[in-house]
Each structure stands twice: as structure tokens, then as C-alpha cells.
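Structure first, then comments.
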Amino acid sequence: MLILVLNSGSSSIKYQVRETANPNPGTAGLDATDGTGSDEVLIAGTIERIGEAGTDDGGQDSGVRNHTEALERIGQAVGQALHGRGLDAVGHRVVHGGERFSAPVLINNEITRAIERLNPLAPLHNPASVLGIRAITAKWPDLPQVAVFDTAFHRTLPEHAWRYAVPDELYRNHGIRRYGFHGTSHQYVAARAARFLELPEDGFSGVIAHLGNGASVTAIAAGQSVDTSMGFTPLAGLVMGTRSGDIDPSILLFLQRQGMDADAIDELLNRRSGLAGLAGNNDMRSVVEAADAGGRSAQLALDVAGYRLAKYIGAYHVAVGGAQAVVFTAGIGENSWQFRANVVERLAALGIILDVDANRAPGRTSRRISAQGSAIPVLVVPTDEERAIAEATAALVSGL
Ligand code: AMP
């Protein structure tokens, strides 16, 4: 099937057209992602600076005015590249599925409105997805569309993991609870890790660390998410490129009393914290280089981030009743042997031991980086959110 995968942000849309087979005929949804289906990227691109048409310094009209115009451009690019072949479906990455969506769904008007009602929970992301869905509906009204939610995989969290210890009315009136994000990646990687270990998906328990620009760690028990480090928003948990992760909530009150308003605190914690706040750079490669050259603040940033993640791994080892593996994925997890070493060296108390050479060896496929004598394996498993979205879309649409 020809699937257009759309990842709509507030000022950009990433797109791919993939030739994807329903990976597991007879089932639908992400759990069908076992990596056995065929899959190929035919076209990939990004439309940036949406809403900035005509504002280019050089007087060039390089932006587009809105999401409808961006989709128009994507439609043209796709049409040309496919030489008249038609798309079979569109798969949308949707950040927030609230409490309702626990799996990918076929989109209709009611579903679009339900996603729109979740806008207050993801004010930067969900409105863009809704615009993308409506633009596709206007352009290709008969094309099936599927929504794949970042939160869905975490709908299996037990209540003691998703509740915050605050008055019940905050949950009832405002939906304040842990939702968790990066679910598409965590689910895909958990399935791949199980396969690598020759276990059934529902027989796998482990800890998955998705370490990209945003970073989160998830506890998987019997194939299901039972805890995750991001919370009500993607600000919670690990030290990220520009986000603080966990901090004492009273710091916000303190800053407010010092005269900072909500927008300033938002900017501080989401854009100027994390590696950027500690080391002055949000890119892990640069931070590692600076630390290797003797930079103290860069080494401190690596240690704060590595220590935080190691603590979470210890905690989630308990949460899953004994992990069968620790798994690294995404930009940093797949590529930065230095950061992986920083984390795994802190896990000796759990009997987890790195194979130094295996950890340093570059690779593009799933691999083991722990020593023979390690209590449990440590794996690197590449993620591919677009592939997961395409396969989930193919699985749902082929059932129509
Ligand atoms: P992602 O959001 O998954 O694309 O990951 C982005 C992060 O991955 C950035 O912090 C990059 O510095 C990091 N990254 C990508 N490639 C490498 C690499 N070869 N070594 C270390 N970090 C990397």
C-alpha cells in the first residue's frame, strides 16, 4: 500500500510516502508491528516556516501561508514523484490522544472533533494535526486517514502510576494525570527487542530508553507500558536537549514570586534547560566533544543526564518485577556510545555489565552491547516512528 505519513507541527510538516504491506494480516493496530512486513520509503520531505510566507529576508517567498497550502505543496510533490499512482491512505502522528485513544483509529468527523477537544492538553501539537487532517479531507475526501497517538501505548499504565498525589478534582476537572509520550516509538522498539530476544511480544518485560532531542524511558511488563517518565506534558522525566525534566515544582512558584510569568517559565524550562542549560549546547555530539576536551560543564551535563536515567532504570527494574533487558533507542540512544557507557556504568549494582567494544562498534541494526556475564542484556534497537505509523495505517485500512 502507498501510505502518506504526516507529522504536523505548528510551523512545519514532515512527510513520507512509504510502500508498506499490512505487516500482519488479520490484526490491526500497532501491535501488528513485528518487523516482518515489507516497507520502503519512496518520498520524504519537510515543509517548514508555515505561516511565514513572504517574510523571507531575501525577499523570496519561500514559506507557505498555512497548513492547507503546505498540504497543497506536499500533494504536488507526491503526485509528481508517484507518476500517477494514487495513495491508499494517510497516517497522521497525533501527539495527544487523551484518555480516549488507546490504539490507532480510522478518522472521521467525530474523531477529528475529539482530537480537537484535546487541544488544551497539547496546545502546540494537536491543533496542527487537526489542520493537517482537515486539509487532507478537503483535498482527498475519499482517502482513508488514520490517527496514531503518542500517548496511546501508555493507556495501560496502572492508576497508581498515572495518578499525581494532588486533590482528585484536578484530575476530574482538568484531566491532570500522567499521559506519557513517545508511545509509538516505545511500542515499536519493545516489539523489536522482544523479537531480538526471541520472546513473544507479550512475554517481554524491560526498560526502553528513547533518547532523542526529547527523551523518555518506559517500563514494559508483559509487552505493556506500566510506567513512563514523561507526564502530563513532555517536560517531565529525563534531562533532554533543552528541557529540564524532573524538578521540584516549588521552583516554579519561587520563580513566579520573583516576577517571572508563565510564558517566561515555560520558555526557561522547555527551551533553555536540559543539556543546553547545563552545558550551553543541546546537541549530544557537541556536549560529548566538549567533555572529552576537558569541559567541566559539559561533563557535568552528561553526568546529571546519565545519573538521572540510571535512577529511572533502577526504579523501572522494580516496576516491571525484574527487567529482561535494558534497551537504548533514538538519536542519542542509537549513536552515542559515550552516553550509553555513562549510563550503563552506573548499573553495576544490578549486575548489568557493558561490553566496551560492542558498545563502541557502530551499527544500524538491533544489537547487544552487554558483556556475556551481564545479569540481563543491554540492547541498542533502532526506532522508526514513521514506519510504525505506516504499518499501523496499512493494518487498519486493509481491513476496510
Ligand atoms: P532524535 O530526536 O532522535 O533525532 O535525536 C537527536 C539527538 O541525537 C541529538 O541530541 C543529537 O546530538 C543526537 N545524535 C545524533 N547522532 C548522534 C551521534 N552520532 N552521536 C551522538 N549523538 C547523536
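List of remarks:
- Lone unmet requirement of (1) surrounded by fewer than 18 Cβ atoms within 10 Å (Cβ to Cβ); (2) more than 13 Å from the ligand (Cβ to nearest atom); (3) modelled with pLDDT of 95 or more; (4) more than 23 Å from Ala191 (Cβ to Cβ) for Arg360: (2)
- When residues of the range 282-294 are limited to those that are surrounded by fewer than 19 Cβ atoms within 10 Å (Cβ to Cβ) and within 16 Å of the ligand (Cβ to nearest atom), the one nearest to the chain's Cα centre (by Cα): Asp283
- Of the numbered criteria (1) among the hydrophobic types (A, V, I, L, M, F, W, C); (2) in contact with a Pro (Cβ under 9 Å, 6 or more places away or on another chain); (3) assigned to a strand (DSSP E or B), the one Val189 fails is (3).
- Considering Gly214, Gly175, Gly183, the condition of being small (Gly, Ala, Ser), surrounded by fewer than 24 Cβ atoms within 10 Å (Cβ to Cβ) and within 12 Å of the chain's Cα centre (by Cα) is satisfied by Gly214 alone.
- Pairs are defined by a Cβ separation below 7 Å, a sequence spacing of at least 6 or placement on different chains, a first member in the range 121-134 that is farther than 15 Å from Val148 by Cα, and a second member that is modelled with pLDDT of 90 or more and basic (Lys, Arg); no pair meets this definition.
- Boolean, Arg308 is within 16 Å of the ligand (Cβ to nearest atom), assigned to a helix (DSSP H, G or I) and among the basic types (Lys, Arg): yes
- Test: residue in the range 89-104 that is among the small types (Gly, Ala, Ser) and farther than 27 Å from Leu400 by Cα: no
- Some residue of the range 322-332 being away from the ligand (no atom under 16 Å from the Cβ), out of contact with any Pro (no Cβ under 9 Å at 6 or more places or on another chain) and aromatic (Phe, Trp, Tyr): no
- In the range 299-335, the residues that are hydroxyl-bearing (Ser, Thr, Tyr) and surrounded by fewer than 19 Cβ atoms within 10 Å (Cβ to Cβ): Tyr307
The values are calculated or read from the model by the stated rules, or taken from the named source; none is laboratory data. Please read all numbers here as calculations on a predicted model, not as lab measurements. Quick reminder, even Gly has a Cβ in these numbers, built from the backbone with ideal geometry, and neighbours come from all protein chains shown.
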